[in-house]
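Okay, structure first, notes after.
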Amino acid sequence: MDIKNAKYEISNADFRKCPDTDVPEYAFIGRSNVGKSSLINMIGKNKNLAKTSQKPGKTLLINHFKMDNGQWYMVDLPGYGYAARGKDQRNEFGRIIKEYILGRKQLTCLFVLIDIRHEPQKIDLEFLRWLGENQVPFAIVFTKADKLGPNAGKKKVEDYKKVLKKEWEELPPIFITSSEKKSGRQELLDYIFSINKEIAKGEKPDIEEELKPEDEESKPEIEEDLMPETEEKPKQENKDLLN
């Protein structure tokens, strides 16, 4: 299966002002310069769908893209971990990200993007742990696979899995992609369409909503600059679209 069409709809900084729908949303997030916009454009088969830039930290808002005439949405979230931003701006982006992830009931799966060339980074590992502790369904998407040979890329992913298995009993779905080579696109779409099909049939999506780190006792606090506390926390709404 493939998408019929993709269209930009709206951008804002408040999850409460996101489109008022009851259709699934698949959000994309990662460290700045991970290739998020390029991946969204690849999936949507439109190089101008999401704004790309050589400068990290381009995405500043929650960006919604209507897919297949509104049957589902792709969502582009601000990147995290961009040191050039001031602390106030990092805190603001942390608030936007946190409130959307915890408060947006339409969020069906969060795709966390990781540059395949890099060793596991503390900020990514802590973010994944935070998702698990908050029972947010997520998958890992390795980007820029074209920058490494096939064997080197597979080894990087296997090494990453070994690090994750030190604290995770069960791993999330994992995808390997290259926006340059257009690889991994169909695998991502097949995964999304399979979830949409289950939702349409009235079945619970087969995604890891209860995925949690093994050791709850030793869980670290997520970095303040990434996920700062807000004075008014959004309610932990039910993310199951079937209820």
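The table that follows gives values for the structure above.
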item: Per-residue Cβ neighbour rank within 10 angstrom, fewest leading, TYR8, TYR100; result: TYR8, TYR100
item: Estimated inter-spin distance, ALA13 and SER194, nm [label 7 Å along Cα→Cβ]; result: 3.9 nm
item: Point-to-point label distance, GLU92-MET1, nm (Cα→Cβ direction, 7 Å offset); result: 3.9 nm
item: Loop-located trypsin sites (Lys or Arg not before Pro) in the stretch 1-49 whose Cβ has at most 15 other Cβ within 10 Å (DSSP); result: LYS4, LYS45, LYS47
item: Overall dimensions of the stretch 92-178 as given by Cα atoms, namely Rg and Dmax in Å; result: 13.7, 40
item: Packing-based exposure ordering (other Cβ within 10 Å, fewest first) of THR177, THR108; result: THR108, THR177
item: Taking the C-alpha atoms of the stretch 6-200, convex hull volume expressed per residue in Å³; result: 118 Å³
item: Potential lengthening between ASN134 and VAL163 on full extension [0.36 nm per residue; Cα-Cα distance subtracted]; result: 8.4 nm
item: Order of LYS144, LYS98, LYS181 - criterion: other Cβ atoms within 10 Å of each residue's Cβ, fewest first; result: LYS181, LYS98, LYS144
item: Over the stretch 6-200, relative contact order from alpha-carbon pairs under 8 Å, at least 6 apart, %; result: 23 percent
item: Alpha carbon convex hull of the stretch 140-184, volume per residue in cubic angstrom; result: 59 Å³
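Every number in this text was worked out from the coordinates using simple rules, so none of it is lab data. Remember, it's a predicted structure, so these values are computed and weren't measured experimentally. With ideal geometry, Cβ positions are generated from the backbone for all residues, glycine too; neighbour counts draw on all protein chains shown.
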